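Structure first, then comments.
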Amino acid sequence: MEPKYVRESRTILTQLVFPSDTNMHGTMFGGIVMEYIDKISAIASMRHARKAAVTASSDSLDFLAPIRVGEAIELEAFVTWTHKSSMEVYVKVVSENLITGERKLTMRSFLTFVAVDENGKSSPVPPIIPETDEEKRLFATAQERYDQRKLRRHKSI
């Protein structure tokens, strides 16, 4: 299979945070952000594989700062590494105060998706080619995250 560049899977989603998206503290419900993360990761993985993909795991959802009502959030997802049929997807969420222009990293996440064929069976995916410093750093550390996922999955059986 021909390798593909990380940029080919890059996906961006921007949303405005409304009162219905927030809790009693005026900050965004984590579950809503998690839904956006899963959706944008699915799009990035399907762009890479050019076939259906399903969520296999979520390593972490690290909430770094609150997201407030009235802010915009920008989610960016891209495939960082591949195995036979699996793809690691990195997602970062940045919030922006649209009045002041202040932007802050509010969340990071790593998810694993598996490409599937028309019968729902795992299907091979192309390797990845990182280009930027961030892509190269994430690619270089992906094998360790993969090994940790396998160990975690083995311990949970």
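What to note about this one:
- In segment 32-51, the residues that are within 13 Å of MET107 (Cα to Cα) reach residues that are in a helix (DSSP H, G or I) with C-beta atoms within less than 8 angstrom, at least six apart or across chains, in these pairs: ILE32/ASP21.
- Only one entry of VAL54, VAL69 meets the criterion of being surrounded by fewer than 18 Cβ atoms within 10 Å (Cβ to Cβ), out of contact with any His (no Cβ under 7 Å at 6 or more places or on another chain) and over 26 Å from PRO3 (Cβ atoms), and that entry is VAL69.
- Of all residues in segment 1-29, those satisfying the criterion of being part of a loop (DSSP other than H, G, I, E, B) and under 15 Å from ALA44 (Cα atoms) are SER9, ARG10.
- Residues in segment 126-139 that are over 17 Å from the mean Cα position of the chain (by Cα) and of a type outside the set (Asp, Glu): PRO126, PRO127, ILE129, THR132.
- Beta carbons closer than 6 Å, at least 6 apart along the sequence or on distinct chains, pair a first residue in segment 72-86 that is farther than 16 Å from SER9 by Cα and modelled with pLDDT of 95 or more with a second that is among the β-branched types (Val, Ile, Thr) and crowded, with 20+ Cβ neighbours inside 10 Å for ILE73/ILE67; ILE73/VAL93.
- One residue from ILE43, ILE32 being outside any strand (DSSP E or B), of a type outside the set (Lys, Arg) and in contact with a helix residue (DSSP H, G or I) (Cβ under 6 Å, 6 or more places away or on another chain): ILE32
- Exclusive hit being surrounded by 15 or more Cβ atoms within 10 Å (Cβ to Cβ), in a strand (DSSP E or B) and in contact with a Gly (Cβ under 8 Å, 6 or more places away or on another chain), set LEU75, LEU61: LEU61
- Checking segment 33-51 against the condition returns a match, with at least one residue being farther than 24 Å from THR132 by Cα and loosely packed, with under 13 Cβ neighbours inside 10 Å.
- Across segment 129-157, the qualifying residues are those that are β-branched (Val, Ile, Thr) and either without any contact (Cβ under 8 Å) to a residue 60 or more places away in the chain or farther than 14 Å from TYR5 by Cβ (or both), and the one among them that is surrounded by the most Cβ atoms within 10 Å (Cβ to Cβ) is THR141.
- Residue match in segment 9-26 (condition: at pLDDT 95 or above, of a type outside the set (A, V, I, L, M, F, W, C), buried (at least 19 other Cβ atoms within 10 Å of the Cβ) and touching a Lys or Arg at 6+ places or on another chain (Cβ under 6 Å)): yes
The values are calculated or read from the model by the stated rules, or taken from the named source; none is laboratory data. All figures in this text were calculated on a predicted structure; none of them were measured in a lab. Don't worry about glycine lacking a Cβ; one is built from the backbone with ideal geometry, like all the others, and counts go over all protein chains shown.
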